[in-house]
Amino acid sequence: MGCNSASSRQVDAPKNLNIHGHILDNQSRSLMACCKVSGVTFVMNSHNFLAGDNRSKNYLTINPTGHIPMLEEGPYKVLGGNHLVYIYLCKSKTAIASKMMPTELEQKVKGVIGWNIAKMMTPCQ
């Protein structure tokens with residue numbers, strides 16, 4: 001039996017992959033397509049940003065920034081745009097990683113994503 005008896009172990013509840021976004025949002029659609037192509041099941045929580053649903057009290061309690069898309073899986077919330085969500089999905093879901101970021105291209109993909117992040121953070125003149 002070892003040090004831990006079976007009665008003291010906790011079983012993790014299954015984690016549902018939730019995408020908070022809207023079908024009209026290009027980033028939300030690309031995340032949904034990524035999951036569908038890879039065969040990963042997810043729940044789409046639609047927040048109509050055109051009607052301001054992403055600024056409602058209910059959504060702001062989940063995501064204080066109010067941005068979409070946002071990914072939620074168990075206790076984890078991934079904010080910050082598509083690039084961060086893709087990295088999280090590729091690192092946590094082997095089905096997605098095998099299709100979207102094969103190991104031989106990982107550094108190249110991260111380089112392009114990193115370049116885009118650096119470009120976005122460059123101050124305007």
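Values quoted throughout were computed directly from the atomic coordinates according to the rules given, and no laboratory measurement underlies them. Just so it is clear, the model here is predicted, and its values are computed rather than measured. Note that we place each Cβ from the backbone using ideal geometry, even for glycine, and neighbour counts take in every protein chain shown.
Couple of notes before you dig in:
- Value of Rg to Rh for the range 13-121 (Rh from inverse mean 1/r over Cα pairs, i.e. Kirkwood): 0.97
- Within the range 13-121: Cβ-based charge dipole about Cα centre, in debye rounded to nearest 20 (Lys, Arg +1; Asp, Glu -1): 80 debye
- Charge context of Met101, other residues only, Cβ under 11 angstrom, K/R +1, D/E -1: +3
- Within-13-Å neighbourhood charge of Lys36 [Cβ basis; K, R +1; D, E -1]: +3
- Total formal charge among the other residues, if their Cβ is under 10 angstrom from that of Glu73, Lys/Arg +1 and Asp/Glu -1: +2
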